[in-house]
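Reviewing the structure listed below.
The values are calculated or read from the model by the stated rules, or taken from the named source; none is laboratory data. Computed from a predicted model, the values in this text were never measured in an experiment. Please note: Cβ atoms are built from the backbone with ideal geometry, for glycine as well, and neighbour counts cover all protein chains shown. Remember, those area values only see protein heavy atoms, side chains included, never the ligands or the DNA or RNA. Shrake-Rupley method; radii C 1.70, N 1.55, O 1.52, S 1.80 Å.
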Amino acid sequence: FHEPMSALLFSLIVGILIGQFMSASPVESSSPFRREVFLTAVGIFLLAPFFLFTSVKYFLSELYWQKAHVSSQSNEVVDQYVQKALFWNPKDWERLLEAGIFYLNQEKYEKARDLLEEAEKLNPYYPHIPYNLGIAYLNISGASQALTCFNKALRLAPDFIFAYYHMGILFFEQ
């Protein structure tokens with residue numbers, strides 16, 4: 001879950017469903033309503049630590065991303081913030097893309113390639129990922145892999161002008 005409120009709402013709904021399931025058991029109770037409320041509370045109590053931990057991880061990741069964005073310190077310090085943010089939320093394809101672009105701008109192309117490849121595994125349908133991956137490949141291994149990535153970006157978004165631009169540069173240089 002990206003949003004802590006959606007995680008909390010999900011735990012509430014699942015807790016209610018657990019309470020409903022448990023209250024449908026054949027064991028009789030003197031007050032079915034109190035028993036249902038109690039079992040719902042137990043369900044929420046059992047699920048809350050997982051969703052609370054997920055929310056804390058999300059908030060820590062966001063905190064480090066914000067520090068990276070507003071930091072006027074050296075690139076090494078910003079790099080540490082980016083690494084900490086990715087540590088707390090390693091499966092967020094948007095953050096992986098953002099980190100990949102950060103490393104492209106720092107001319108750390110291998111690191112950018114690794115992050116962008118991971119982002120592409122998580123979301124293979126977003127055209128900016130293969131486009132930026134193509135730029136990384138262009139600086140690492142040459143034109144063939146870059147061209148493949150730019151073509152993939154254009155298959156995903158046929159009007160993606162930046163992919164056409166870099167393909168034109170590739171064809172002009174060859």
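Restricted to region 68-94, and to residues there that are touching a Ser or Thr at 6+ places or on another chain (Cβ under 7 Å) and assigned to a helix (DSSP H, G or I), the residue that is most open to solvent (accessible area, probe 1.4 Å) is TRP88.
Yes or no: LYS111 closer than 30 Å to LYS57 by Cβ and free of Cβ contacts under 8 Å to residues at least 12 places away in the same chain?
Working: closer than 30 Å to LYS57 by Cβ: yes; free of Cβ contacts under 8 Å to residues at least 12 places away in the same chain: yes.
Criteria met by LYS111.
If you go through region 128-174 and keep only what is polar (S, T, N, Q) and in a helix (DSSP H, G or I), you end up with ASN132, ASN139, SER144, GLN145, THR148, ASN151. Looking across region 125-167 at every residue that is in contact with a Pro (Cβ under 8 Å, 6 or more places away or on another chain), under 19 Å from ASN105 (Cα atoms) and not aliphatic (A, V, I, L, M), the one that is least open to solvent (accessible area, probe 1.4 Å) is identified as PHE150.
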